[in-house]
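Structure, as structure tokens:
Each value in this text was obtained by applying a stated rule to the coordinates, not by laboratory testing. Given the structure is predicted, the values throughout are model-derived calculations rather than measurements. Here the Cβ is made from the backbone with ideal geometry for all residues, glycine too, and neighbour counts use every protein chain on show.
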Amino acid sequence: MSREYEKLLKCYQSFKEQIDFQPVIALVLGSGLGNYADGIKIVSSLYYHDIEGFPVSTAPGHKGRFIFGYLRDIPIAAMQGRVHCYEGYDVHDVVLPIRLLKLMGAKVLILTNAAGGINEQYKAGDFMLIRDQIASFVPSPLIGENVKELGPRFCDMSEVYDKDLRVVIKETSAELGIHLQEGVYIQLTGPDFETPAEIKMYRMLGADAVGMSTACEGIAANHMGMKVCGISCISNMGSGMTENPLSQQEVEEMTDRAAPVFKKLMNKSIVNIFDRIIN
Ligand code: HPA
């Protein structure tokens, strides 16, 4: 058995010894969006540092724990914070939580993040449904011995972000009157923000929003056959697109302001996904 798979099974064992819960929908809550989990009827929580071998997030705005609970009657696991490559973690550790969520039983994965807008039609405060991704500038989490229990050696990537989930989320945002962009997310390692020249290059490559997470998680989830969707909160426009230098403070202020709308969109989307796709 590969060391990677052994470590994952150990984490799963540690989770099972502490928590008896089987989520159907799993959520990864990005920078500044973690408070969403407080609106769930929480039945238990588990700090990452209490799971043996689990990577612990050090990023600002990331609480570092799993929340387990219910939205209506829907069992949900939410990650309040994630780990990133820029924290020094190997990409296999970065996606370990996603693999663990699958072992827990999650069928649908909702990835969220704060991202910089690259598309000139976007503005800070917008939400973007992720249609596709560019992960060519970050290492693939599938490099190394393939864990066949998780998925195939060469995995199809033609629809990482499930079309049916995207339709439901778009219908939900229309029902709620929430404006939703749809576009391509590009992941970079960070932690430095981009230069204006890099933002121009990523726009030429077809990216609409840029961030430091998510795409490698999308690959790992897709490898395991999970249904995946993703929503970015455009916390700022990309470097060079406004007069202002970029800062983490700006990212957190905007995600805080967007939090009530995010909560509305998320709550209703989860219920609609459960009723229209899972049930
Ligand atoms: N670039 C990269 N990551 C980000 C940004 C950005 O402009 N905003 C939020 N996360």
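Taking segment 107-154 as the region of interest, how many residues are assigned to a loop (DSSP other than H, G, I, E, B), within 13 Å of the ligand (Cβ to nearest atom) and not β-branched (Val, Ile, Thr)?
Here the count works out to 6.
For segment 217-257, enumerate the residues that are of a type in the set (Gly, Ala, Ser), within 11 Å of the ligand (Cβ to nearest atom) and surrounded by fewer than 23 Cβ atoms within 10 Å (Cβ to Cβ).
Hits for segment 217-257 are SER239, GLY240, SER247.
Test each condition in (1) loosely packed, with under 14 Cβ neighbours inside 10 Å; (2) among the acidic types (Asp, Glu); (3) away from the ligand (no atom under 15 Å from the Cβ) for ASP192 and report the one that comes out false.
Going through the list (1) loosely packed, with under 14 Cβ neighbours inside 10 Å; (2) among the acidic types (Asp, Glu); (3) away from the ligand (no atom under 15 Å from the Cβ), ASP192 breaks only (3).
Would you kindly identify the helices (runs of 4 or more DSSP H) lying entirely within segment 155-223 that contain at least 3 residues that are under 18 Å from the mean Cα position of the chain (by Cα)?
163-176, 215-223
Report whether or not ALA209 is crowded, with 24+ Cβ neighbours inside 10 Å and under 12 Å from ILE134 (Cβ atoms).
Against the criterion (crowded, with 24+ Cβ neighbours inside 10 Å and under 12 Å from ILE134 (Cβ atoms)), ALA209 qualifies.
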